[in-house]
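Any read-out appearing in this document is the output of simple, stated calculations on the displayed coordinates, not a laboratory observation. What you see is a predicted model; the values in this text were computed from it and never measured. Please note: Cβ atoms are built from the backbone with ideal geometry, for glycine as well, and neighbour counts cover all protein chains shown.
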Amino acid sequence: METVQQWFEQRPNLYGLTIVLGFVVAAVAIELLIRKVIIKAVKNTESDLDDELLARFRVPVILSLGCVGLHFGLKVSTFRLVGPDLIDIVLITLAVALWSDAVIRVISAFAQRTGTELDDEIIDRLRRPVAATVVFVAAHYFARALSLTILVSRVTDAVLVTLGVALWIDAFTKIARSIAKRTKTDLDDEIVDRIRKPLAATVIFVGVRVVVGTLELSESVIFIVTGVLVTLAMMLWAQAAIGIGTAILNVLSTKASKHKLVQPKTLPLFDIVLKTIAYGGAAYGVLLAWNINVTAWLASAGIVGIAVGFAAKDTLANLFAGIFIIADTPYKLGDFINLDSGERGRVTDIGIRSTRLLTRDDIEVIIPNAQMGNAKIVNETGGPHELERVRVNIGVAYGSDIDKVREVLMEIGLNSKYLTKAFEPRVRFRAFGDSSLNFQLMGWIDEPVLRGRALDELNTAVYKRFNAEGIVIPFPQSDVWVKELPHRSDDGE
């Protein structure tokens with residue numbers, strides 16, 4: 001008498017169907033258990049998180065049982081549409097995709113209960129590349145199971161890896177941008193946006209180059225494709241570098257007090273230098289990619305550079321002097337400066353080639369930076385503050401009451417409308433002159449532009465008060481003594 005196992009073994013298709021039905025019954029039983037018992041139990045809890053976990057894992061559990069049942073049922077049956085390996089790949093891919101999606105959704109549920117939205121956004125960005133990676137891995141094994149040629153398999157693998165890496169890089173750049181948006185500065189947002197496009201394009205270019213190399217094409221075709229890809233990549237990265245550098249320079253120029261070299265006036269210079277380096281480096285890389293010898297080009301450029309340097313030495317001297325002036329800051333915009341050549345005025349512009357002064361006569365003086373770099377400069381506002389001390393020298397006659405003179409001068413200084421009240425004026429008895437006692441009245445004005453008006457007011461006040469007080473202001477006198485007159489003759493000679 002044959003056993004049940006022997007009976008089923010003699011009927012493999014029925015045996016496989018029985019196995020599938022058994023797993024289906026198990027799945028239905030688990031579904032009923034979940035509905036009748038577990039769902040009612042979790043509903044009585046205070047938290048909604050267990051409900052979320054049950055809802056997310058319910059479908060993967062049931063479908064996974066179905067996939068396992070199909071695997072064992074088809075394994076013992078003789079029914080074949082395709083090979084068992086292909087069916088297993090499809091079933092495993094389906095199960096992994098379901099479980100990975102469930103895990104991500106559960107993590108997302110946890111993230112939604114935190115105080116920040118950043119983790120939610122990170123999880124949302126990772127869902128797409130995770131699912132794509134599962135599909136690409138399945139496609140890889142599916143292609144192997146089809147027993148394709150080595151060439152087709154390599155091309156397929158290169159395409160899948162390229163797409164997978166591109167998706168992950170895109171996801172990470174989006175995550176980086178989400179993090180950058182939550183910072184106080186916009187510079188990191190600009191950097192992430194700039195590198196996103198060339199980074200993804202570079203991955204695609206590398207994948208294309210690998211595919212072309214796998215196809216075993218002629219060397220000339222591979223050389224042309226490589227040159228084109230490198231040229232495109234260099235152009236994209238050069239544009240990204242210029243964009244990032246420009247953004248950094250703009251940020252630094254807004255903080256000119258911390259970065260003396262980078263200021264709004266020097267931005268054009270740094271912009272030119274940045275573009276020259278970026279495009280020059282990109283051009284150098286392109287020439288190397290096309291196997292062009294750049295040695296002769298560099299030698300020619302060096303000779304041309306020397307010729308241009310000799311022809312424009314004055315312009316270059318002014319250019320570098322302007323850079324050093326901005327870096328060293330012997331003066332800045334708005335300062336009052338005196339030059340050893342006699343010019344005095346307010347600095348209205350510091351350019352790359354020249355510096356402009358506005359004199360007290362409202363005349364603009366343009367001085368080359370090379371001359372400014374070699375000149376002796378007295379910066380009247382270059383100290384710890386813009387206050388400037390003015391001095392009025394007064395001489396009084398010998399015999400004057402010096403205490404009264406001191407009192408009158410101090411009163412004039414205190415009543416002046418141009419002298420600041422932050423510092424008290426001072427009176428000093430400086431020296432015994434040839435015909436006078438020399439005093440000096442000193443006071444502080446708020447800015448150098450007031451010096452002429454302050455001296456005019458003080459001199460006028462001193463003269464009037466001295467006349468009113470009877471204080472004599474002497475002037476130089478000389479006594480001439482004649483010992484004898486020349487002899488006069490009778491004839492008038």
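GLU219 to VAL378: extension gain in nm, 0.36 nm per residue of separation minus the Cα-Cα distance? Show your work: numbers first, answer last.
Values: separation 159, 0.36 × 159 = 57.24 nm, distance 7.00 nm.
The span from GLU219 to VAL378 would gain 50.2 nm if fully extended.
Taking 60 Å as R0, compute the FRET efficiency from the Cβ-Cβ separation of HIS385 and ASN293 and round it to 0.05. The partial results should precede the final answer.
Values: r = 62 Å, r/R0 = 1.03.
Once rounded, the FRET efficiency stands at 0.45.
Quick one: what do you get for segment 349-493 if you divide its Cα Rg by 2.2 N^0.38 Å? Show your work: numbers first, answer last.
Numbers: Rg = 23.8 Å, N = 145, 2.2 N^0.38 = 14.6 Å.
The reported ratio for this selection is 1.63.
Taking the Cα centre of each part, how many Å lie between segment 357-417 and segment 226-246?
Cα centroid to Cα centroid, the span is 58 Å.
Order by neighbour count: TYR279, TYR463, TYR331, fewest other Cβ atoms within 10 Å first, most last.
Working: TYR279 16, TYR463 12, TYR331 21.
Ascending number of Cβ neighbours within 10 Å: TYR463, TYR279, TYR331.
Note the direction-averaged projected area, equal to a quarter of the hull surface, for the Cα convex hull of segment 164-266, in nm².
Numbers: hull surface 33.7 nm².
Averaged projected hull area, Cα only: 8.4 nm².
So for the pair ASN467, ASP119, with labels modelled 7 Å out along Cα→Cβ, what separation do we get in nm?
8.8
Could you work out the Kirkwood radius for segment 388-469, taking every pair of different alpha carbons, averaging 1/r and inverting it, reported in Å?
Values: mean 1/r = 0.0777 Å⁻¹.
That comes to 12.9 Å for segment 388-469.
Translational diffusion coefficient of segment 317-379 at 4 °C, 1.567 mPa s, Stokes-Einstein with Kirkwood Rh over Cα pairs, in µm²/s as a whole number.
Values: Rh = 11.3 Å.
After rounding, the answer is 115 µm²/s.
Within segment 419-453, whose backbone N sits under 19 Å from a point 7 Å along Cα→Cβ of GLU407?
425-429, 439-441, by backbone N distance to the label point.
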